[in-house]
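Just below is one structure, and these are the notes that go with it.
The values are calculated or read from the model by the stated rules, or taken from the named source; none is laboratory data. Bear in mind that the values here come from a model prediction, so they are computed numbers and not experimental data. Here the Cβ is made from the backbone with ideal geometry for all residues, glycine too, and neighbour counts use every protein chain on show.
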Amino acid sequence: MWGGGVTIRRSDPPDLRQMMLKKLLTVYPQLEGVRVESAWTGLMGYPKHKMPQIGEVSPGVWYAMGFGGHGMGTTTVSGELIAAAIAEGDDRYKLFAPFGLDWTGGPVGLLVVETIYRYYRFRDWLKT
């Protein structure tokens with residue numbers, strides 16, 4: 001799996017596979033010639049506190065989000081914590097309660113985040 005190109009836009013670029021492959025090859029040039037089997041986009045969650053948000057909104061309604069680009073491991077852990085809470089009454093998920101669901105600025109916050117993403121992409125472009 002390889003990721004990059006974070007944005008708040010919800011549309012898939014037409015050349016997403018090629019974009020991701022190009023980025024992958026800058027790190028692993030020995031993979032030249034591999035085929036990209038699948039490519040997809042999704043909304044990236046970066047909470048202000050940089051911690052996953054895991055909890056129960058109301059009885060039986062759970063949330064797990066805000067993995068900040070580290071979704072492979074934190075998604076699995078979050079799912080296991082929520083499953084243990086539902087199936088066994090395990091309350092370890094409450095360890096994430098101090099991080100809560102902070103308001104992040106609504107539409108203005110999204111514009112700020114997109115500006116930051118674009119700055120990072122520009123900075124990366126300058127390095128290449």
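Key figures for this structure:
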item: Residue match in segment 1-23 (condition: modelled with pLDDT of 90 or more and part of a loop (DSSP other than H, G, I, E, B)); result: no
item: Whichever residue in segment 27-57 is among the β-branched types (Val, Ile, Thr) and surrounded by 10 or more Cβ atoms within 10 Å (Cβ to Cβ) and, among such residues, is nearest to Gly105 (Cα to Cα); result: Ile54
item: Pair list, Cβ < 6 Å and 6+ apart or interchain, from segment 18-34 residues that are closer than 17 Å to Asp124 by Cα to residues that are surrounded by 11 or more Cβ atoms within 10 Å (Cβ to Cβ) and among the aliphatic types (A, V, I, L, M); result: Met20/Ala39; Leu21/Val36
item: Some residue of segment 66-74 being of a type outside the set (S, T, N, Q), at pLDDT 80 or above and surrounded by 14 or more Cβ atoms within 10 Å (Cβ to Cβ); result: yes
item: Residue that is farthest from the chain's Cα centre (by Cα), among those in segment 63-83 that are closer than 13 Å to Tyr93 by Cβ and among the β-branched types (Val, Ile, Thr); result: Ile82
item: Residue count, segment 75-128 (criterion: more than 15 Å from Tyr46 (Cα to Cα), β-branched (Val, Ile, Thr) and either in the same structural domain as Gly60 (by TED's automatic domain parsing) or at pLDDT 95 or above (or both)); result: 4
